[in-house]
Structure formats: C-alpha cells, structure tokens
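The values are calculated or read from the model by the stated rules, or taken from the named source; none is laboratory data. Small disclaimer: the values here were computed from a predicted structure and weren't measured. Don't worry about glycine lacking a Cβ; one is built from the backbone with ideal geometry, like all the others, and counts go over all protein chains shown. Surface areas here come from the heavy atoms of the whole protein model, side chains and all, with no ligands, DNA or RNA. Shrake-Rupley method; radii C 1.70, N 1.55, O 1.52, S 1.80 Å.
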Amino acid sequence: MAAVTTGAHHGGHLTSVPRSRNAQPPPRPYRRHRGRRPHRGPRRAPGRAGRRAAEPRLRVRARGAGGGEAGGRLSRRPHDRGNGRVGPHRPGRLGRAPRRRDAQPVRRPGHPAGRLLPRHLHVQHEPRLEPRRPVRHPPARALERRTRRRRPPGNRRQYANDFTISDWALAKGYAYAATDKGNSGTEFYKDGRRPGDAVAEWNDRVTQLTRAAKKVVAKRYGRTPRRTYAAGISNGGYLVRWQLENRPELYDGGIDAEGTLWRADGPNLFTYLPQVLRAYPSYAATGDPSAHKALLNAGLAPGSEFLWPFHDQVYWELTQRIYREEFDPAYTGEEASYTYATRPESVHRAVARVALTGRIRKPMITLHGTYDSLLPIGTDSDVYAKLVRAKGKAPYRYYRLEAANHVDGLYDSFPDRLRPLLPCMRTAFTALESWTQHGTTPPKSTTLPRPTSGDTVNTCSLS
C-alpha cells in the first residue's frame with residue numbers, strides 16, 4: 001500500500017508483531033523470594049484455565065491443512081503475563097501493541113520495536129499465520145502529514161520494499177506502511193475457499209492497510225495525513241492500479257512500476273507464458289528460428305535474448321504454475337500445454353473478479369522496461385496504457401524505459417546492456433508530488449532511451 005517515509009537516522013521505526021497464540025518468548029528465569037510468593041501474573045477467571053478474567057474468547061478461522069489448525073482452532077494455551085506468553089488480541093479497533101515484555105516481535109534487524117496495525121487473528125495455512133503490516137514513522141519535526149502505502153512485489157514479505165521505498169521515503173518526511181497482502185510465498189494459492197480468493201484478498205488487505213495507517217498517523221501526530229500515495233512494483237504495481245480504479249478516495253496518486261495485467265479475456269499471464277514454455281526448449285537447444293519467432297510473438301522483446309535463460313530457470317514455469325493453481329486448480333496437464341481460451345467459464349470468471357479496467361480516478365504514473373521478460377511490455381503496460389487513455393478520466397503518464405527489465409538485480413550482471421528501473425521510479429514519485437501538490441505537469445508520456453553516460457544507477461530523467 002502506501003508508505004510514509006522518514007530516514008532511519010531520524011528515528012523512524014518499524015514494527016511487525018505477529019498476534020499468534022503460539023508466539024512465545026523464552027521463559028523467564030525463576031527467582032526465589034524471601035518470605036513471599038513470587039508474582040504469577042493477573043488472576044485467572046475461575047474454572048477457565050489459561051484465560052484472564054473478563055477476556056473474550058479468541059476466535060480462529062482456519063484454512064488449508066496443518067497440524068496447528070485441526071478442527072479450525074488452535075489448542076488453548078495459558079496467556080497470563082506471569083509465564084511470559086501473549087494475551088489474546090482484541091480485534092476491531094486500533095489499540096496498543098502488546099508490550100515488549102509480553103511478546104517478542106518479529107522484525108528486521110536494525111528496526112526497533114514500536115506500534116503495529118490491528119488485525120483479526122486469521123490462520124491461513126502453515127507456516128503463515130496472519131498478515132503482517134509494518135509501519136515506520138518519521139519524527140514529528142520531519143512529518144509533513146503525508147503517508148505512503150507500499151505493496152510488496154512478487155510473493156515476497158512486507159519488508160521487500162524497505163530499501164527501494166521505505167528508507168528513501170522516510171528521508172523525504174513520509175510515514176510508510178506495507179503489508180504482505182494477507183498471503184505470501186509460492187503457495188499463496190492455498191489461501192481462500194474458491195479460485196481467485198487469494199489474489200482478491202490482496203486488494204482487500206491494501207485497502208484495510210491504507211485506512212488503518214491513516215488512523216495510526218493521526219493518532220501518533222494528532223493530525224490526519226495531508227497526502228497519501230500508493231506505490232508498487234510487479235504485483236504491487238497491479239495493486240496500485242486496482243486501488244486507483246476502485247478506491248480512489250483513499251489516495252492522492254500512485255506509482256505503478258511494471259504492474260501485472262489481469263484481463264478476463266486476455267492478455268494475462270495465461271495467454272503468453274504457456275507459449276513461452278512451449279517454444280523456449282527448442283530455441284535453447286538448437287536456436288530454432290521458428291521457436292525464436294514464437295517467443296517474440298508471445299511478447300518477449302527482440303534484443304532481450306540474453307535474459308531468457310535466467311527467466312527460464314527462475315520465473316516462467318513457477319509463475320505459470322502458482323497462478324494457474326490459484327485460478328484453475330482443476331487443471332492437471334502440463335503447464336506448457338495450458339490453453340486459457342479453452343478453459344471453463346468458471347476460470348474466466350475467477351480472473352474477472354480481479355481484472356483491471358483502466359478506469360483510474362486519481363493521477364498515476366506507469367513505468368515499464370522494454371526488456372521485461374516476465375511481464376512483457378507489449379502484453380502488459382502497453383495494453384493497460386491504452387485502457388487508461390480510452391477512459392480518459394484521470395491524469396496519466398506512461399514512461400517506457402528502454403533496456404530496463406523486470407529485475408534490477410540483473411543490472412549488475414549486464415551493466416553494458418541494461419538500465420535499472422529504481423532511479424526512474426524515484427524520479428517519477430517526485431514528479432507525482434509536484435503534479436498533485438503544485439499542478440506542475442510531468443513530461444509527456446514517451447519511451448526513454450537507455451543513457452550512454454552519467455550515473456544511471458542513481459539518476460533518471462523523464463524528459
């Protein structure tokens with residue numbers, strides 16, 4: 001979702017405390033007391049072992065399989081402070097986090113513990129027990145009543161954007177919030193009761209995070225944030241698109257970096273990845289010209305061939321399989337043989353639930369690399385930009401970045417052939433600020449050629 005940032009050296013903090021009934025810090029050492037009984041915590045309700053008096057029963061909804069989820073409940077455990085375990089979380093309102101002497105928060109190294117966003121305990125499947133939502137605050141002197149919500153890329157955790165967005169945004173005086181979207185990892189498809197539920201939950205979690213983060217900022221600083229922006233990469237870019245289409249009242253604008261395109265009738269992942277999986281083995285083995293042509297027809301860009309072996313090893317088959325498991329779990333054939341157009345109508349309806357329309361209603365800037373070999377620009381952002389322009393209801397800019405690809409880490413391996421996307425994303429955010437706050441129009445949508453000189457790692461011009 002959106003994130004507000006302030007440099008870590010200014011005292012911003014990050015907290016993500018799992019409200020799991022099983023979260024336990026190491027037991028405290030027992031100390032003998034002379035002539036008096038050691039303190040054992042609050043009095044328990046008579047006949048109700050493991051619960052404090054007047055505390056509501058913690059309800060747990062279980063999904064999927066797992067030893068800790070049998071029967072839809074976790075086994076009851078004592079939750080008194082005397083034994084150092086966590087008391088039940090009271091959902092439904094913003095409240096104080098459990099004190100650190102009661103629970104040990106899970107957090108990234110270097111980030112002190114602080115406040116967290118409330119969440120019903122919601123067991124999905126092992127090993128993930130609940131969505132986690134870190135929030136980082138700038139000090140009051142640096143805050144300009146602005147928030148920034150961040151969506152994690154791919155299927156990574158809520159910390160995935162700490163370097164790309166969080167630290168940088170905090171230094172600009174923003175508060176920052178992020179979520180793991182409610183289900184993370186390469187088995188996210190196990191969440192939900194029907195096809196498409198897991199991806200639909202991503203959109204719900206981002207909406208919840210935005211609303212809750214605004215309340216947290218208002219409570220901490222005594223005033224509501226003046227500006228709220230959404231920013232995301234890959235799956236996070238998709239979430240930015242969906243939010244500005246469906247929840248525009250929550251935001252002042254958004255940055256969509258190489259977002260995933262979902263359309264019920266295509267294009268989507270299922271309309272080109274199986275073609276890539278069918279053609280690439282022949283091209284890799286013999287350089288078959290017909291296979292090469294098929295790969296280009298699937299959307300891969302000419303000149304990006306040097307990136308294909310890496311994507312074949314890491315991304316293509318895995319991405320096709322896990323998303324097909326989410327939207328079409330009944331399919332049992334080979335992934336390379338999958339044909340989306342011939343699949344049952346129920347599969348198309350599941351995709352339609354999360355599909356994009358292009359009807360954004362707040363300013364947005366889209367960036368996408370021409371060498372993207374996971375979400376090819378011709379089957380993704382080129383198509384989405386046409387959808388947005390056809391609606392014509394909101395300010396929009398689209399920058400095609402020549403020689404940028406889906407994974408900035410590959411720039412280190414091919415600095416003479418690629419350009420990183422991140423510096424352009426930061427420049428675009430600065431342009432979005434001026435656009436929404438001062439009415440300064442960004443440069444027109446265009447294709448930005450790959451720089452041949454200068455500091456391409458840290459700078460980018462949208463002109």
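Near the amide H of Leu448, under 5 Å away, which other amide H atoms are found, from residues 5 or more places off or on another chain, if H is placed in the peptide plane?
Arg400, Leu401, Glu402
Compute from the Cα atoms of segment 337-410 the Rg and the Dmax, the latter being the longest Cα-Cα distance, and quote both in angstrom.
14.9, 41
For segment 269-371, build the convex hull from the C-alpha positions and give me its volume per residue in Å³.
Hull volume normalised by residue count: 128 Å³.
How many percent of the accessible area of segment 241-345 is carbon or sulfur, using a 1.4 Å probe?
Carbon and sulfur: 50 percent of the exposed surface of segment 241-345.
Which loop chymotrypsin sites (Phe, Trp or Tyr not before Pro) in segment 400-459, with loop taken from DSSP, have no more than 13 other Cβ atoms within 10 angstrom of their Cβ?
none
Just order 288-299, 375-386 by mean Cβ neighbour count inside 10 Å, highest at the front, would you?
375-386, 288-299
First compute the accessible area of segment 399-463 with a 1.4 Å probe, then give the percent of it belonging to carbon and sulfur atoms.
C and S fraction of accessible area: 48 percent.
Relative contact order, percent, of segment 368-463 when contacts are C-alpha pairs under 8 Å separated by at least 6 residues?
Result for segment 368-463 is 30 percent.
What's the Kirkwood radius of segment 337-463 in Å, using all Cα pairs?
Value: 16.3 Å, from the Cα pair sum.
Just order 444-451, 355-362, 179-186 by mean Cβ neighbour count inside 10 Å, highest at the front, would you?
My ranking of the peptides, most packed first, is 179-186, 355-362, 444-451.
Highest first, please rank the peptides 412-420, 235-243 by the mean number of other Cβ atoms sitting within 10 Å of their residues.
235-243, 412-420
With Cβ to Cβ distances under 12 Å as the rule, what net charge do the other residues near Pro442 carry (K, R +1; D, E -1)?
Summing Lys/Arg as +1 and Asp/Glu as -1 gives +1.
In what order, largest first, do Cys460, Cys424 sit by accessible area if the probe radius is 1.4 Å?
Result, largest first: Cys460, Cys424.
Multiply the residue separation of Glu305 and Gln437 by 0.36 nm, subtract the distance between their alpha-carbon atoms, and state the gained length in nm to one decimal.
Additional length available on full extension: 43.3 nm.
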